[in-house]
Amino acid sequence: MANAVFIQNPESIYEDRPGICYHFPRRYLKTVEECVGDWVVFYEGKQGALGYVAVQKVTSVTPDQSRSDHYYAWLEANTLWQFERTVPRNDPAGLAYENSLRGQDGRAIAGGASVSAVRRLSFDEFTRIVSAGLKPLEGPNALPREAVSPEYEFSEDQAAFEQAPLTDIRAMILTSRPAREQSFARMVKWAYNGRCAISGLDLRNGFGRSEVQAAHIRPVKEGGPDIIINGIALSGTLHWMFDRGLISIGDDYEILVSDNKVPSDVRRRLISPTGRLTLPDDPRHHPHPDYIRFHREYVYGAAS
C-alpha cells in the first residue's frame, strides 16, 4: 500500500465522480494500484481551490470499458474527509510539502513533476499535508458551544513526524468518528457563519459561540461523507426534525415540511418566512443536489 496525490479539478476532461471514483490514464496505473487499501490526498489547481483539499481511501481499480487506456480508482464514500483549511503547495516555512516538487530554493516548481496527475507521497509528506489540512478552524462560528476534550485535536505547531505517529494518523485519526464529527461541525458552522439554514436565526451563547449544530444531509450510516456540501447548519430542534425526515430541502433550496406531522404553528415559529434556506456565502459550499435528493427520497420520503 502507498499514499499519493490525485489532482482533481472541479471541471475536468476526465470522467471523475468526486467522492466515488477517480478517472485516470494508463501511465498512472502502477502508482494508483499501490494505493488500493490506503489513503490519497486530493489537490485542486487554479480552476479550483489551488491546494490540497481532502483525503480519502482507495478501495479498488477497474478498467474503463469504453476507453482501453483509462481506468477508474474507486473510493470508499464515507472515508472522504474535506480539509478544514486548503493547504497550499508550500508549508509555512516556504518549502514544498512534496519533496519531488522542490526547486533550488525549496519552493514548489511550476512545471516538471507538478503537472503529473498522480504523484506518490512518502509517509512524512502525507502526514504533514493532512495535519495541516485538518488543523482546526478558529473563530466563534467554528467553535463548539462548550469546550471539548483535546484528545482528537491536532497540534497547532508543525511538529516533525516519526514512524509511530505516521501510523497513528492513518489508523487512528482518519478513521475516528469523534475526530471527524468535530472537524465536520467546525467546517459547516464556519461555512454558514453560525446561522441556522432553516430558521435563518443566528443565536449565540454568553461566550459568543454559535448555538447551531452541523447536520449531515446524507447520513453517515448511508455513506454520507464529512464534507461541507453534505452538511447544513441547524438549531437543535430543527436538526432533530431534519434527521427524522419531518423537514427536507427542494431542488431550488426551498424548505419542505411534512404537513401531516408538523403543526402549522410550529412551522410558523421555526421555519424562515422566506421558505428557503439561508445558504453559505461561498457557492462552493452550497448543499450538493445529490445529497439533497437522497435526503428527500430516503429520509423525508420514508417519514411522510
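Here, each number is a calculation from the coordinates, and none is a lab measurement. Given the structure is predicted, the values throughout are model-derived calculations rather than measurements. Cβ coordinates were reconstructed from backbone atoms using ideal geometry, including for glycine residues, and neighbour counts include every protein chain displayed.
Among Leu80, Leu50, which comes first, second and so on when ranked by fewest other beta-carbon atoms within 10 Å? Show your work: numbers first, answer last.
Values: Leu80 21, Leu50 13.
In increasing order of surrounding Cβ atoms, one gets Leu50, Leu80.
Compute the FRET efficiency between Arg268 and Arg85 as 1/(1 + (r/R0)^6), taking r as their Cβ-Cβ distance and R0 = 41 Å, and round to the nearest 0.05. Could you put the intermediate results ahead of the total?
On the way: r = 40 Å, r/R0 = 0.97.
Computed FRET efficiency for Arg268 and Arg85: 0.55.
Counting alpha carbon pairs within less than 8 Å and at least 6 residues apart, what relative contact order, in whole percent, applies to the chain?
Values: 570 pairs, mean separation 43.0, N = 304.
Here the relative contact order equals 14 percent.
Pop out the ³J(HN,Hα) list for region 37-46 in order, Karplus 6.51 cos²θ - 1.76 cosθ + 1.60 with θ = phi - 60°, rounded to Hz; leave Gly and Pro as x.
x, 10, 9, 10, 9, 9, 10, 10, x, 4
Once you have the Cα-Cα distance between Asp259 and Asp290, take 0.36 nm times their residue separation minus that, and quote the gain in nm to one decimal.
Between Asp259 and Asp290, full extension yields 8.8 nm more.
Go ahead and run the numbers for FRET between Asp252 and Asp105, Cβ-Cβ distance against an R0 of 41 Å, rounding to 0.05. Don't skip to the end; give the middle numbers.
Details: r = 50 Å, r/R0 = 1.22.
Result of the calculation: an efficiency of 0.25.
Note down the magnitude of the dipole of region 3-135 about its Cα centre, charges +1 on Lys and Arg C-beta and -1 on Asp and Glu C-beta and zero elsewhere, to the nearest 20 debye.
Working: 15 positive and 16 negative charges, 49 e Å.
Here region 3-135 has a charge dipole of around 240 debye.
Within the chain, how many Lys pairs sit with Cα atoms under 28 Å apart, leaving out pairs fewer than 8 places apart on the same chain?
Step by step, the pairs that qualify in the chain add up to 13.
What FRET efficiency comes out for the pair Arg67/Val115, r = Cβ-Cβ distance, R0 = 30 Å, nearest 0.05? Let's see the in-between values first.
Working: r = 21 Å, r/R0 = 0.70.
Working from the Cβ atoms, E equals 0.90.
Multiplying the sequence separation of Arg17 and Met1 by 0.36 nm and subtracting their Cα-Cα distance, what value in nm do you get? If you can, show how the numbers build up before the last one.
Numbers: separation 16, 0.36 × 16 = 5.76 nm, distance 2.28 nm.
Contour length minus the Cα-Cα distance gives 3.5 nm.
Would you work out which of Trp81, Cys21, Ala110 lies farthest towards the positive end of the dipole of region 3-135, given +1 charges on the beta-carbon of Lys and Arg and -1 on that of Asp and Glu, about the Cα centre?
Ala110
How fast does region 3-135 diffuse by Stokes-Einstein, in µm²/s, taking the Kirkwood radius from C-alpha pairs at 20 °C and 1.002 mPa s? Mind dumping the intermediate values first?
Working: Rh = 14.9 Å.
The estimated diffusion coefficient comes to 144 µm²/s.
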